[in-house]
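**Student:** Okay, here's the structure, questions in a sec.
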Amino acid sequence: MSLPKWPPNLSDDELAELKLQGATYALSHGFCYLPVVVNGQTPPSVPAAAIHAPFALFPTPFPRILFNHAKSLQQVYNVLYARVASDEEFLDGILSADTGVGRVDTFVGDLWRIWKELRTEGLIQ
């Protein structure tokens with residue numbers, strides 16, 4: 001199983017153009033965030049800049065045979081995922097603040113407690 005030489009060789013001008021195109025696409029499609037405020041600085045009342053989120057210029061090569069194998073498992077995985085997501089007793093044991101991850105991760109414990117309250121009350125939208 002061999003993969004092509006990667007990443008492709010680009011001239012400095014081609015690489016600069018590709019970076020510009022990628023950053024422009026990211027910013028124009030909302031793939032961005034506001035600059036981090038550091039050293040106790042007061043954030044501006046109105047943001048004046050945004051930074052594009054990190055992205056890869058070249059996709060990662062992946063062997064076709066492994067991709068096809070993963071695709072062949074997708075339906076079985078979907079069934080497994082749906083069954084786990086529907087098993088409230090199992091999820092309570094795994095995520096709850098009493099017996100599960102929520103004992104050591106208060107964020108997860110709080111989220112699961114809120115979900116259980118909503119589940120008991122019924123979802124109204």
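**Student:** In the stretch 58-78, what residues are open to solvent by 70 Å² or more (accessible area, probe 1.4 Å), among the hydrophobic types (A, V, I, L, M, F, W, C) and modelled with pLDDT of 90 or more?
**Tutor:** Once the filter is applied, which keeps residues that are open to solvent by 70 Å² or more (accessible area, probe 1.4 Å), among the hydrophobic types (A, V, I, L, M, F, W, C) and modelled with pLDDT of 90 or more, the stretch 58-78 yields Ile65, Leu66, Phe67, Leu73, Val76.
**Student:** Based on what the data block shows, is Arg119 open to solvent by less than 100 Å² (accessible area, probe 1.4 Å) and either among the acidic types (Asp, Glu) or over 30 Å from Pro8 (Cα atoms) (or both)?
**Tutor:** Details: open to solvent by less than 100 Å² (accessible area, probe 1.4 Å): yes; either among the acidic types (Asp, Glu) or over 30 Å from Pro8 (Cα atoms) (or both): yes.
So Arg119 passes the test.
**Student:** Checking Phe55 against (1) in contact with a Gly (Cβ under 8 Å, 6 or more places away or on another chain); (2) of a type outside the set (S, T, N, Q); (3) loosely packed, with under 10 Cβ neighbours inside 10 Å, which single condition isn't satisfied?
**Tutor:** Exception for Phe55: condition (3).
**Student:** Within the stretch 11-21, can you find the residues that are open to solvent by 70 Å² or more (accessible area, probe 1.4 Å) and not charged (D, E, K, R)? Quick ask: steps written out before the conclusion?
**Tutor:** Within the stretch 11-21, the first condition is being open to solvent by 70 Å² or more (accessible area, probe 1.4 Å), and the residues that meet it are 12-14, 17, 19-21.
Hits for the stretch 11-21 are Leu20, Gln21.
**Student:** Let me spell it out: the conditions are (1) among the hydrophobic types (A, V, I, L, M, F, W, C); (2) surrounded by 10 or more Cβ atoms within 10 Å (Cβ to Cβ); (3) in contact (Cβ under 8 Å) with a residue 12 or more places away in the chain, and Ala49 meets all of them except one. Which number is the exception?
**Tutor:** The single condition Ala49 does not satisfy is (2).
**Student:** Considering only residues that are hydroxyl-bearing (Ser, Thr, Tyr) and part of a strand (DSSP E or B), which ones fall in the stretch 27-83?
**Tutor:** Quick first cut of the stretch 27-83, residues hydroxyl-bearing (Ser, Thr, Tyr) only: 28, 33, 42, 45, 60, 72, 77, 81.
Selection gives Tyr33 alone.
**Student:** Right, Phe90: aromatic (Phe, Trp, Tyr) and closer than 30 Å to Ala26 by Cα or not?
**Tutor:** On the way: aromatic (Phe, Trp, Tyr): yes; closer than 30 Å to Ala26 by Cα: no.
Taking the combined requirement at face value, the residue does not satisfy it.
The values are calculated or read from the model by the stated rules, or taken from the named source; none is laboratory data. The shown structure was predicted, so the numbers you read here are calculated from the model rather than taken from an experiment. For neighbour counting, all protein chains shown are included, and Cβ atoms are generated from backbone atoms with ideal geometry for every residue, glycine included. Remember, those area values only see protein heavy atoms, side chains included, never the ligands or the DNA or RNA. Shrake-Rupley method; radii C 1.70, N 1.55, O 1.52, S 1.80 Å.
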